[in-house]
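A quick write-up on the structure given underneath.
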Number of protein chains: 2
Amino acid sequence: MTVAAGQQCCAPIAREPLSESAAADLAALLKAVADPVRLRLLSLIASHPGGEVCVCDLTGAFDLTAPTISHHLKVLRTAGLIGGERRGTWVYYWVVPAQVARLGELFIPLAQPAGA
Amino acid sequence: MTVAAGQQCCAPIAREPLSESAAADLAALLKAVADPVRLRLLSLIASHPGGEVCVCDLTGAFDLTAPTISHHLKVLRTAGLIGGERRGTWVYYWVVPAQVARLGELFIPLAQPAGA
DNA sequence: CCCCTGCTTCGGCATATGTCTAAAGCATAG
DNA sequence: CTATGCTTTAGACATATGCCGAAGCAGGGG
């Protein structure tokens with residue numbers, strides 16, 4: 001599209017698939033996983049046979065203190081990406097597939113080259 | 001799995017699909033998109049017919065100053081999610097589908113319920 | 001040549017984030 | 001009821017992040 005100098009350089013945005021509120025909502029979800037520790041936590045929980053992991057197993061996989069792991073788990077849980085429950089002495093966590101899937105679906109249309 | 005108190009509560013992690021370095025690498029990529037403004041920027045660029053957008057069109061979509069928009073574009077560009085080029089007076093940006101696809105593919109296995 | 005416009009870079013500030021130590025719940029064992 | 005162990009909460013600190021205003025760089029037109 002050729003334009004004269006001093007004028008608007010291109011046509012207005014044709015489509016805006018992500019509204020301001022949707023972007024804020026998804027960004028909050030992404031912030032929850034945008035951390036190496038939380039990413040590994042989510043991966044560990046998701047890959048565990050049975051779909052559930054005890055916190056005592058997670059702490060051993062990191063060079064971090066238990067409170068730090070607990071903090072990261074809370075972030076993931078607040079975001080709705082994982083669920084947790086206390087059973088007796090130990091606390092178990094599992095992933096919430098629907099919420100994780102939202103993230104995957106987000107990038108499908110964005111990976112398409114043009115606006116097609 | 002029933003265990004005695006004071007001992008290890010569960011079996012060791014069966015599979016660890018995300019290595020420490022892979023998690024750090026992907027977390028850096030996720031940090032780039034874990035922001036409402038950058039998410040909308042990426043969305044605006046991706047949805048623009050022709051696959052390219054001039055910066056002058058992007059600034060109008062936000063209540064932010066030009067330096068701030070430029071900063072966010074640089075973050076996306078440094079992450080390899082978008083490419084940019086100056087053509088005459090204006091600067092144009094486009095998405096890098098392969099890099100965006102990495103994010104989408106990441107959540108596919110994580111959305112599976114169990115370790116299956 | 002100078003100026004005007006578009007975009008980026010620089011420096012500073014307010015807030016958010018990740019980590020720790022210390023202390024407090026909670027459940028089981030004796 | 002007390003003791004022990006697992007987990008979370010609270011408080012504090014260093015660093016990272018997001019924002020702006022001012023200045024710098026690049027290209028085009030008098």
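The values are calculated or read from the model by the stated rules, or taken from the named source; none is laboratory data. Bear in mind that the values here come from a model prediction, so they are computed numbers and not experimental data. With ideal geometry, Cβ positions are generated from the backbone for all residues, glycine too; neighbour counts draw on all protein chains shown. Side chains included, ligands, DNA and RNA excluded: accessible areas come from the protein's heavy atoms. Shrake-Rupley method; radii C 1.70, N 1.55, O 1.52, S 1.80 Å.
Taking beta carbons within 10 Å but only from partner chains, what does the mean come to for residues B:48-60? Please list the in-between numbers first.
On the way: counts 9, 7, 6, 5, 2, 3, 6, 1, 3, 6, 1, 0, 3.
Per residue, the number of nearby Cβ atoms from other chains is 4 on average.
Averaged across B:93-105, how many Cβ atoms of other chains sit within 10 Å of each residue's Cβ atom? If you can, show how the numbers build up before the last one.
On the way: counts 0, 2, 5, 2, 6, 1, 1, 7, 5, 2, 9, 9, 3.
Rounded to a whole number, the mean comes out at 4.
Cross-link reach is defined here as a Cα-Cα straight distance under 25 Å, omitting same-chain residues fewer than 8 places apart; for B:Lys74 the lysines meeting it are A:Lys31, B:Lys31.
Of A:Ile108, B:Ile45, the residue with the largest accessible area leads and the full order is A:Ile108, B:Ile45 (1.4 Å probe). Projecting label points 7 angstrom from Cα along Cα→Cβ for B:His71 and A:Trp90 puts them 4.5 nm apart.
Counting partner chain Cβ atoms within 10 Å of every residue's Cβ in B:23-32, what's the average? Don't jump to the answer; show the numbers that get you there.
On the way: counts 9, 5, 2, 6, 8, 2, 1, 10, 6, 2.
Mean shielding count: 5.
Debye calculation, C-alpha points only, no solvent: report log10 I(q)/I(0) for segment B:32-108 at q = 0.12, 0.22, 0.25, 0.27 Å⁻¹, in the same order as the q values. Log10 I(q)/I(0), no solvent term: -0.30, -1.01, -1.29, -1.48. Sorted from nearest, the other copies put their B:Leu64 label points 2.6 nm away, the label point being 7 Å from Cα in the direction of Cβ.
Think of a 1.4 Å ball rolled over the protein heavy atoms: segment B:13-112 then has 44 Å² of accessible area per residue. Chain A against chain B buries an accessible area of about 4600 Å², both chains summed, 1.4 Å probe radius. Dipole magnitude for segment A:35-110: computed about the Cα centre from +1 point charges on Lys and Arg Cβ and -1 point charges on Asp and Glu Cβ, it is near 160 debye.
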